Structures are given as structure tokens and as C-alpha cells.
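The values are calculated or read from the model by the stated rules, or taken from the named source; none is laboratory data. All figures in this text were calculated on a predicted structure; none of them were measured in a lab. Here Cβ is always computed from backbone atoms with ideal geometry, including for glycine, and neighbour counts include all displayed protein chains.
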Amino acid sequence: MSDTHTLVSRRQFCAGACQVASCATLATLVTACGGDGSPTSPGGGGPGTPLSVLPSQFANSRVQVPVAGTPLASIGGVARVESTAGLFLISRISDTGFTAIDGVCTHEGCTITGATSTEYVCPCHGSRYNRNGQVQEGPARSSLRQYAATFANDVVTIAL
């Protein structure tokens, strides 16, 4: 063993200490934020299948969404609609019946981007909502707002 000591300047010591602290903080944040891409809620599950985003037109307090050639063309189809009036989740429940709900999670305001065969899934913390917008699994506690939706001439109209 050698008795030689290398002196380190205060500047070198502080720079090294800051690097170590930064790396430790970064590692903690990645782990806490679900670095594997999965939601961080205890019930977790996956983020679901990504929803198709459909074009729309907004006029006179109504959002109109063409159905032909989209996932909404068949019963059970779901999609996300982004318009100047907001974000909406639409599902086709029968030949002429549709549900339309807010597309923003009530937990922390994340855009809901995924769905399973029966639920919408928030990618941020794993909240799950049924097709009517009711919370099925938290951390969200409040249901998503529902809107009246009508169907005519192959267009779904959401009344705001």
C-alpha cells in the first residue's frame, strides 16, 4: 500500500460530487416515472392499443366526424377526435348509436390515447374508464364528461 496522496482541488471535488448526485437523481426519476413505458399505477396493466385519431369539423357548437373508412365504421370501433373544441373519445355501440366523452383524464389532465376491448386507458398513470366514461380503475376518481352524439349521413355529430 502506498502512502502517497493525491490532492484534489475544491473545484474538482465539487464537480465530481455534482456529477454523482446528478446521476443518482436521474436514475431515481427514470425509475419513478415508469421507465419501461408502462403506467405507474399499482394496478398498472398496459397502455392499451393506440387509438386512431380522426379528423373533424367544428361549427355551431357541434363537432362533426365522418365515419366511413374509420374504426367507427363497425360496431365496437373506437377512436380519438382532436378538434378546436377539445379532445373526445367516440365508440360505436350499435348501428346508429355512439358514445362521446371527454378525451382528457380527470386525474392529471393527460390525453387518453389507448383502449382495450372494453375500456379507455390513460397512458400517464393507468386510469381506466368504460365506454360511458365511468372510472373503472384509478387513480382517477371522477368520470369523464359525456356528450350527446347523433348519427346521420355517415357523420357522428357531438353536441357541445
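So the values come out like this:
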read-out: Subset of region 102-152 that is in contact with a Phe, Trp or Tyr (Cβ under 7 Å, 6 or more places away or on another chain) and aliphatic (A, V, I, L, M) - its residue that is surrounded by the fewest Cβ atoms within 10 Å (Cβ to Cβ); value: Val135
read-out: Selected residue (only one of Ile75, Ile93, Ile158 is of a type in the set (A, V, I, L, M, F, W, C) and crowded, with 18+ Cβ neighbours inside 10 Å); value: Ile158
read-out: Near pairs, Cβ below 6 angstrom, 6+ apart or cross-chain, from region 51-63 (over 15 Å from Ala149 (Cβ atoms)) to any residue that is assigned to a strand (DSSP E or B) and of a type outside the set (S, T, N, Q); value: Leu51/Ala79; Leu51/Arg80; Leu51/Ala115; Ser52/Ala79; Val53/Arg80; Val53/Glu82
read-out: Filtered residues of region 118-152 (kept if among the aliphatic types (A, V, I, L, M), in a strand (DSSP E or B) and either free of Cβ contacts under 8 Å to residues at least 40 places away in the same chain or not assigned by TED's automatic domain parsing to the domain that holds Ser94 (or both)); value: Val135, Ala152
read-out: Conditions (1) modelled with pLDDT of 95 or more; (2) out of contact with any Leu (no Cβ under 9 Å at 6 or more places or on another chain); (3) at positive phi; number of the one not met by Gly109; value: (1)
